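Student: Have a look at this one before I ask anything.
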Amino acid sequence: MIECKNISKTYKSGSIETDALKEISFEIKDGEFVAIMGPSGSGKSTLMHIIGALDTPTKGEYFLDGQNVADLSDDQLADVRKLKIGFVFQSFNLLPRATVLKNVMLPLIYAEIPEKKREALAKESLENAGLEESHFFHFSNQLSGGQMQRVAIARALVNNPSLILADEPTGNLDTKTGEIVLGTFQELNREQKRTIILITHERYVAEHADRIIHIRDGKIVEDEKNHKERIIHHSR
């Protein structure tokens, strides 16, 4: 699904150049659950933006589903982000004065899905993310942090993307709630074969994935299979 070949990213400010990524290469197959882990300033956020088609490398090639992303127009890149990638962020990014259901339906409006089908798809996505039906018509600001993150996961799933890209998804949650959300990702990967990339700076979060790519100072320093037993925290 994903192939990065010698990816480098250099930022320029006047005469000063900063190398955020330095010739990074790796592949991620369909159905993998991979954590990209590194400290602040390691380059993991830059790499996430490139994988999410939000930025382009200075050098190297990035292929998504066999397509060189550099060959795509701005409109095609927007379609990739809309249809192929589901984003889950630390800050949830929900509309506070909209219901849970309407928040999840929003991407379907942009995709011009008929209204009746939108509601059915949104409800299915919320169920897959583990949110109870009794919360579907609550406003998002009436929910707990864990519930809001599940809504964000449902919104990411609703267009049936081939890739879920989660950026520090437990960063605003307490440990117990974070475990529940990470368990949701595990379920989506194991039961629905979703491809998931989890960006984190914390080891215990990364250990919920099957594979951990360690990045430091813009380079991959280790790419390991995670042999620890994956414990799914069922909470439905």
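The values are calculated or read from the model by the stated rules, or taken from the named source; none is laboratory data. Note that this is a predicted model, so its numbers are computed, not measured. Glycine gets a Cβ as well: all are built from the backbone with ideal geometry, and neighbour counts include every protein chain shown.
Student: Which residues, taken from the range 97-112, are at pLDDT 90 or above and part of a loop (DSSP other than H, G, I, E, B)?
Tutor: Ala98
Student: Given the criteria buried (at least 20 other Cβ atoms within 10 Å of the Cβ), modelled with pLDDT under 95, under 29 Å from Gln186 (Cα atoms) and of a type in the set (Gly, Ala, Ser), does Ser42 qualify?
Tutor: Taking the combined requirement at face value, the residue satisfies it.
Student: Would it be correct to say that Lys44 is under 19 Å from Ser8 (Cβ atoms) and of a type outside the set (Ser, Thr, Tyr)?
Tutor: So Lys44 passes the test.
Student: Which one is surrounded by the fewest Cβ atoms within 10 Å (Cβ to Cβ) among residues in the range 66-86 that are touching an Asp or Glu at 6+ places or on another chain (Cβ under 9 Å) and either part of a strand (DSSP E or B) or at positive phi (or both)?
Tutor: Gly66
Student: In addition: For a quick check of your reading of the model, give me the residue pairs whose first member lies in the range 104-123 and is free of Cβ contacts under 8 Å to residues at least 24 places away in the same chain, whose second is of a type in the set (Val, Ile, Thr) and in a helix (DSSP H, G or I), with beta-carbon atoms closer than 6 Å and at least 6 apart or on different chains.
Tutor: Taking only residues 6 or more apart or on different chains, not a single pair turns up.
Student: In this structure, does Arg203 turn out to be over 15 Å from the mean Cα position of the chain (by Cα), closer than 19 Å to Pro39 by Cα and in contact (Cβ under 8 Å) with a residue 40 or more places away in the chain?
Tutor: yes
Student: I'm trying to understand the selection: among the residues of the range 168-178, which are touching a residue at least 24 places away in the same chain (Cβ under 8 Å), charged (D, E, K, R) and surrounded by fewer than 19 Cβ atoms within 10 Å (Cβ to Cβ)?
Tutor: Asp174
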